[in-house]
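*Asks:* Dropping the structure in here first, questions after.
The values are calculated or read from the model by the stated rules, or taken from the named source; none is laboratory data. Values in this document were obtained by computation on a predicted structure and should not be read as measured data. Virtual Cβ from ideal backbone geometry, glycine too; neighbours counted across all protein chains shown. Heavy atoms of the whole protein, side chains included, go into the accessibility calculation; ligands, DNA and RNA do not. Shrake-Rupley method; radii C 1.70, N 1.55, O 1.52, S 1.80 Å.
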Amino acid sequence: MELKYEFYINAGLEDVWNALISPDGTRSSFFGSELRSNFQPGQPFAYVGPGNDGTETVHVYGDILEFEPLSRLSYREHPGPSYHANHTELESRVVFQLETVGECTKLTLINDQFTDNHPSFANAQSSWWMILSSIKSWAETGKTLNFGW
């Protein structure tokens, strides 16, 4: 199972990269969560923000696979502990790839290598559209999308 999305964003590589990794960027695009990591391959990361367990809910966590500034970020992820009792057994891979196309940035997202019968696959199909749309809006305008939550 593979999910793949390509977005063209009217912003430079740095603005799109900041939407992916900076606290302001991730809070505005990843449902209020901050991406916490030292971004070294093999080291842990977590998206932490408001949710089931209060303001410090771990929504997704795992290990960084690749980190090439302004170009590529990939990680192996698990759903947060409050989502599934067997969260450590559930995983997938996420790859963000950036490239310049004319005066725009092309953002390619691949979410693949899901464990069999991963219960978050269906949710990921719809959530990535919202996240990527928010990244595009934030990088282009400095404003996030309001989904009414």
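Here's the yes/no breakdown for (1) open to solvent by 30 Å² or more (accessible area, probe 1.4 Å); (2) over 21 Å from ASN123 (Cα atoms); (3) in contact (Cβ under 8 Å) with a residue 24 or more places away in the chain:
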{"position": "ARG27", "(1), (2), (3)": "yes, no, no"}
{"position": "PHE31", "(1), (2), (3)": "yes, no, yes"}
{"position": "GLU34", "(1), (2), (3)": "yes, no, no"}
{"position": "SER37", "(1), (2), (3)": "yes, yes, yes"}
{"position": "GLN40", "(1), (2), (3)": "yes, yes, yes"}
{"position": "PRO44", "(1), (2), (3)": "yes, yes, no"}
{"position": "VAL48", "(1), (2), (3)": "no, no, no"}
{"position": "GLU66", "(1), (2), (3)": "yes, yes, yes"}
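*Asks:* Tell me, please, whether a residue that is part of a loop (DSSP other than H, G, I, E, B) and without any contact (Cβ under 8 Å) to a residue 12 or more places away in the chain can be found in region 85-92.
*Replies:* yes
*Asks:* Next up: Being part of a strand (DSSP E or B), open to solvent by less than 50 Å² (accessible area, probe 1.4 Å) and of a type outside the set (S, T, N, Q): is that true of TYR8 here?
*Replies:* When the stated conditions are applied, TYR8 does not pass them.
*Asks:* Restricted to region 81-101, and to residues that are farther than 24 Å from TRP129 by Cβ and of a type outside the set (Asp, Glu), which residue is surrounded by the most Cβ atoms within 10 Å (Cβ to Cβ)? So that I can check it myself, show each step before the final result.
*Replies:* If we filter region 81-101 for residues that are farther than 24 Å from TRP129 by Cβ, which is where we start, we get 81, 85-86, 88-89.
Keeping just the survivors that are of a type outside the set (Asp, Glu) gives 81, 85-86, 88.
On the way: PRO81: 14, ALA85: 8, ASN86: 10, THR88: 11.
It comes out as PRO81.
*Asks:* In addition: Which number in (1) closer than 18 Å to SER134 by Cβ; (2) not hydroxyl-bearing (Ser, Thr, Tyr); (3) not in a strand (DSSP E or B) marks the one condition that LEU70 misses?
*Replies:* Answer for LEU70: the failing condition is (1).
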